[in-house]
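Note sheet for the following structure.
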Amino acid sequence: MSESVQRSGPPAACETELLVVGAGPAGLFACYYAGMRGLDVTLMDSLPHLGGQVAALYPDKEIFDVAGFPAVRGRELIERLTRQAETASPSVLLGESAVELRCETDAVHITTDAGRVIRAGAVLITGGIGRFTPRPLPALDGFTGDGVHHLVSPPHEYTGREVVIVGGGDSAVDWANTLVPHARQVTLVHRRTRFRAHEYSVAQLMDSPVRILTNSEIAEVHGVESLKAVTVRDCGSQALEMVDADVLIPALGHIASLGPLTSWGLMLDRQQIRVDTAMSTGLDRVYAAGDITTYAGKVRLMAVGFGEAATAVNNIAVRLRPDEDLFPGHSSERPPIPTA
């Protein structure tokens, strides 16, 4: 959103009809759809920027499960969702976390880690996987030099560099495919023989110049002020090989935590919030949508999260304004919303 919007958040104690907790794709779309329903909306995220996990972890990765886009890079998708959300004229709170929730008869009170108290007619939690921290790579213990990238920079910044990527999931394979046209050499190190990534991405990897070392692990990193090389150990033969590297990307996934949400009285299943068909959490006026939710038959696709966000907002609108219809009509029947 525009810089002026981000700086014009509510005062220390504020009121809003809808508070959206989580500014990833589902949260941004929920914000836009709240505007479609004429709701006053506030959008909050613990990260210092919009876009959630997409913006933080894979802004240059191509995403293939968004309707209308054969492929769209994460950065472009967030930019488009942000412009769309701006039409709701939301108040935006970044770098601030919801820590306490108290439900009352006519409102929900949220207290943030900054001491702000927000009185909302309803709360919609779109926190993705919650707070996430990178899974540790033991070989990096004690290494304090430059060259370890937990968050990947724009691809052009890797031009001419020796890059080693560790992992076998979607992130590792996607980054290998993305960086190979730019880097001098990309080496992918994976402890297993099979990859967990999407079949299409793995096929693309196998047809690329990426050097693939399976059944292998990083045994040691070399360098003082900056990374110079890594030692790769074959998990079967225990043979060691030195590989030149000035960039190491540990793409081993992230450890998710719901943090304070675990004390809110929500029905939890592991790291997800159980919801019903209205996206209600079971707490009055508290709803959830996106990857943070679970229910029978749940499919974790971004496209599904968009649908859940719209479902939640429509049910919230009726909860706040009982005289309104659940189905607001098709957006194509309305006058266009200004985008400027």
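The values are calculated or read from the model by the stated rules, or taken from the named source; none is laboratory data. Note that the structure is predicted; figures quoted are calculated from it, not measured. For neighbour counting, all protein chains shown are included, and Cβ atoms are generated from backbone atoms with ideal geometry for every residue, glycine included. Only protein heavy atoms, including side chains, enter the accessible area calculation; ligands, DNA and RNA are left aside. Shrake-Rupley method; radii C 1.70, N 1.55, O 1.52, S 1.80 Å.
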Does region 311-340 hold any residues that are in a helix (DSSP H, G or I) and either at pLDDT below 95 or on the phi > 0 side of the Ramachandran plot (or both), and which are they? S331, S332, E333
The number of residues in region 200-248 that are open to solvent by 50 Å² or more (accessible area, probe 1.4 Å), in contact with a helix residue (DSSP H, G or I) (Cβ under 9 Å, 6 or more places away or on another chain) and touching a residue at least 60 places away in the same chain (Cβ under 8 Å) is 1
Out of region 41-96, which residues are of a type in the set (S, T, N, Q) and either at pLDDT below 85 or open to solvent by less than 10 Å² (accessible area, probe 1.4 Å) (or both)? T42, Q53
Could you list, in sequence order, the residues of region 97-112 that are in contact (Cβ under 8 Å) with a residue 24 or more places away in the chain and surrounded by 14 or more Cβ atoms within 10 Å (Cβ to Cβ)? S97, A98, V99, L101, C103, A107, V108, I110, T112
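Matching residues to (1) free of Cβ contacts under 8 Å to residues at least 40 places away in the same chain; (2) over 28 Å from L47 (Cβ atoms); (3) open to solvent by 10 Å² or more (accessible area, probe 1.4 Å):
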{"site": "T144", "(1), (2), (3)": "yes, no, yes"}
{"site": "H150", "(1), (2), (3)": "no, no, yes"}
{"site": "S153", "(1), (2), (3)": "yes, no, yes"}
{"site": "V163", "(1), (2), (3)": "no, no, no"}
{"site": "A172", "(1), (2), (3)": "no, no, no"}
{"site": "V180", "(1), (2), (3)": "yes, yes, yes"}
{"site": "R184", "(1), (2), (3)": "yes, yes, yes"}
{"site": "V189", "(1), (2), (3)": "no, yes, no"}
{"site": "T193", "(1), (2), (3)": "yes, yes, yes"}
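So that you can scan it fast, the table gives a plain yes or no per residue for (1) closer than 21 Å to L101 by Cβ; (2) open to solvent by 40 Å² or more (accessible area, probe 1.4 Å); (3) aromatic (F, W, Y):
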residue	(1), (2), (3)
R270	yes, yes, no
I273	yes, no, no
A278	yes, no, no
G282	yes, yes, no
R285	yes, no, no
I292	yes, no, no
L301	no, yes, no
V304	no, yes, no
Taking only region 249-259 into account, find how many residues are surrounded by 15 or more Cβ atoms within 10 Å (Cβ to Cβ) and closer than 16 Å to T293 by Cα. 3
Within region 276-295, is there a residue that is of a type in the set (F, W, Y) and closer than 20 Å to D65 by Cβ? yes
